[in-house]
Amino acid sequence: MKTKKFSSVLSIVLALTLVIGLINPVSTSAEEAKKLIVWVAVDSLGEKNETDNEVVLDKTAVLVNDGDTAEDAIKSALENNKIELDASSSDYGTFINGIGGVATPSDYSKYWNFCVNNTVAEVGISGYTLSNGDEISLLFEGYPTEYTEAECFTNKEKSIDVDKEKEVVNQATKANGIIEDATYQKYYADFTPGITDDLKPVVDLIRAGYDNPDFYNKVFKKVDKALKEIAHYGATKYSIVGYSGETEDAVLTLSSLRISDLAKLVMFITACGRDAADINGLNLIPYLTDKAKYEKEVNGEQYYSAYSVAGMILLALDCANYQIPDDEYDIEKFPKGFVTKKKLVEDLVADMDKQIDIAVQWSSPDGAAMTVTPLAPYLSKEKYDELGMDISYEELLDKVEFIFDYLAKAQSNKNGGYAGFGTDSNPWTLAQCMTAFAVCGIDGLGIESSERGLIKNGHTFLENAASFVDFKIESEPLVNEDLMSFDPTQLVMGISASLRAYYGESSFYDMLNAENIVEDYDGVLDDPNPSEGNPDDTGKTTPTVPTQGAVAKPVTVATTPAVTTAVKATGLGNTKTLKLSSTSFSLKAGKSKKVTYKVTKVDSSKDADKVSVKVAKKFKKYVKVTHKAKKKTITIKLKKNAKKLSKGTVIKITVTSGAVSKKIKVKVK
């Protein structure tokens, strides 16, 4: 329904002049002017042109300069959508004669009514100076005017009651579980991804709470095997499909992984409850933050822009507060040192304007939303100030709010979702927007969401997300085919992130206290190439591997027969598994907790390796560890001086037996 409003007698006076500009504002430099986003919609209200078509333009975002007029925005919107504008100039400004072939008749019985923000404008299109977020409606009607805004702007129900809220949450939760299972059945029932595959969907499933421990174990063991081979041989072997369709063996080092793949690997390991900074003796963080590789990818030698590369690194680092090494760390392997968090945030913030421009140009808010998500931790002033940024904290908040306002306005008033790619409900855009809001604590349901305009005519993000599952047949719910055709776990992420915000749980990307859910690989390791060759990532000698810094182009293993060497992963020790009763808990200064452990052996011929316990060096003075090997217990006590530590500080304690290591994370209360 359109908002009806019968005008006063004054409207008859304005009827012939409201599309005439009375003011000609002074132009400003496009380079210096602040950018605004306004919205334009057109509706001929049933009137047809000569080709027997109505003229309708759904709400369309337009990027303008501060100081521009409604005329600038209208011309841009119509031109971009190939809708003809017939306008003429007069001493009073610009007059709209017709739009898309629907023209004002000579008796002016109908005209193009110019309204802004649900109000008939008191000036013409060239006389109205724009403000950010303005909603411009051009409606073809006569006097008395009935409508003051296009239907696509109408929002009569900006909040929902508690009962509707619970119903939406329950339906979204149910839908998410069905999408999770459908994703596993379609993509992973007969396939186990590994280190060279996209691990982000698996991260999404873990973080969503999808109950499939056997699957996670399979994936982790495959990844763990590859990392053990890299730790032991310097490289791992994997298969690639060439242009001819034939499968070839290739070798991979940590240096040859793209940053996005490294970031997903770090998040996967962390989501499984393991430490990506110490897995099989490997620290993945230097490879993730390698400055030379970062500059190469951001400068266009790869496929990504700053928002995706910097954003992925930040998501991976902040998922468990991983620390970037000092530049002195392994100078020979990383001669340029490491990109800093300050640099990453700077690049991401600098790229915001570009992503907004792309979002508006292509009517696709994804990129704009994805610049906000990795910045969420830095919306805390305390954490932001630690970076020593040149741009002020207030400027950062302004930029984020600018994007949030755009995302809220872009949301469909019809269904609470997002249009795109020929559909009025695009699950992937919806997912990215839901996640951006949710990691900032906005669930799309409550009072803040209502105030931000995220509830449209009673429709919400979560309601729209749940609509991608058809519950008509309760016993056989069906997941939308388009959603299942490409990365459905994006929507799993969006729903889960929103539900976490709704319940006040840790953010979707906060994995600091993730429980260990997997077991180590304990099978045979494969030497990727046993002949002599170039130095590898670990300083050993491994042949025909990509040189340091090489990205994305694996080297094919020679086809000449070679004798391969295989070793047991546990050949690095006789410990097969190490299980701890608890790997993550909180303690106050002066308090203690007892952790029990269990060690299994590779075979019965040897004893299992001895268990050692090591506290991170900088925290040794705050922690007392009592290890009783016979009872298989480790008692961890925070000394009274731990009061000096900030609340939330995480102390990492490494428990090792042979080649198997586990982390205990103690959070200071």
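Assorted remarks:
- Cα gyration tensor category, rounded, prolate or oblate, for segment 426-504 with a/c compared to 1.5: prolate
- Rounded FRET efficiency, nearest 0.05, which uses the C-beta distance separating Ile391 from Glu328 and R0 of 35 Å: 0.75
- Label-point separation in nm, Glu146 to Tyr92, each point 7 Å along Cα→Cβ: 2.6
- Difference of contour (0.36 nm per residue) and Cα-Cα distance, Asp353 to Asp398: 15.0 nm
- Across all directions, the average projected area of the convex hull around the alpha carbons of segment 323-446 is 9.6 nm².
- Among the protein heavy atoms of segment 315-388, carbon and sulfur supply 49% of the accessible surface, probe 1.4 Å, non-protein parts ignored.
- Among the listed pairs Lys200/Lys409; Lys593/Lys621; Lys48/Lys82; Lys218/Lys579; Lys264/Lys617, those with a Cα-Cα distance over 20 Å are Lys200/Lys409; Lys264/Lys617.
- Residues of segment 356-468: accessible area per residue with a 1.4 Å probe, Å²: 37
- Label-to-label distance, Asp424 versus Glu515, with points set 7 angstrom from Cα along the beta-carbon direction: 4.4 nm.
- Measuring only protein heavy atoms, the 1.4 Å probe finds Val623 accessible over about 10 Å².
- Taking all protein chains as they are arranged and a probe of 1.4 Å, the heavy atoms of Asp398 leave approximately 100 Å² accessible to solvent.
- Segment 34-93 shape via C-alpha gyration tensor axes, a/c threshold 1.5: oblate
- Overall, the anisotropy analysis places segment 163-287 in the prolate class: the square-rooted eigenvalues a ≥ b ≥ c of its C-alpha gyration tensor yield a/c not less than 1.5, with a/b exceeding b/c.
- Heavy atoms of Lys186: accessible area, 1.4 Å probe, square angstrom to 10: 120
- Distance from segment 369-418 to segment 147-182 (C-alpha centre basis), Å: 23
The values are calculated or read from the model by the stated rules, or taken from the named source; none is laboratory data. Just so it is clear, the structure is predicted and the values come from calculations on it, not from any experiment. Every residue, glycine as well, gets a Cβ built from its backbone with ideal geometry; the counts of neighbours run over all protein chains shown. Side chains included, ligands, DNA and RNA excluded: accessible areas come from the protein's heavy atoms. Shrake-Rupley method; radii C 1.70, N 1.55, O 1.52, S 1.80 Å.
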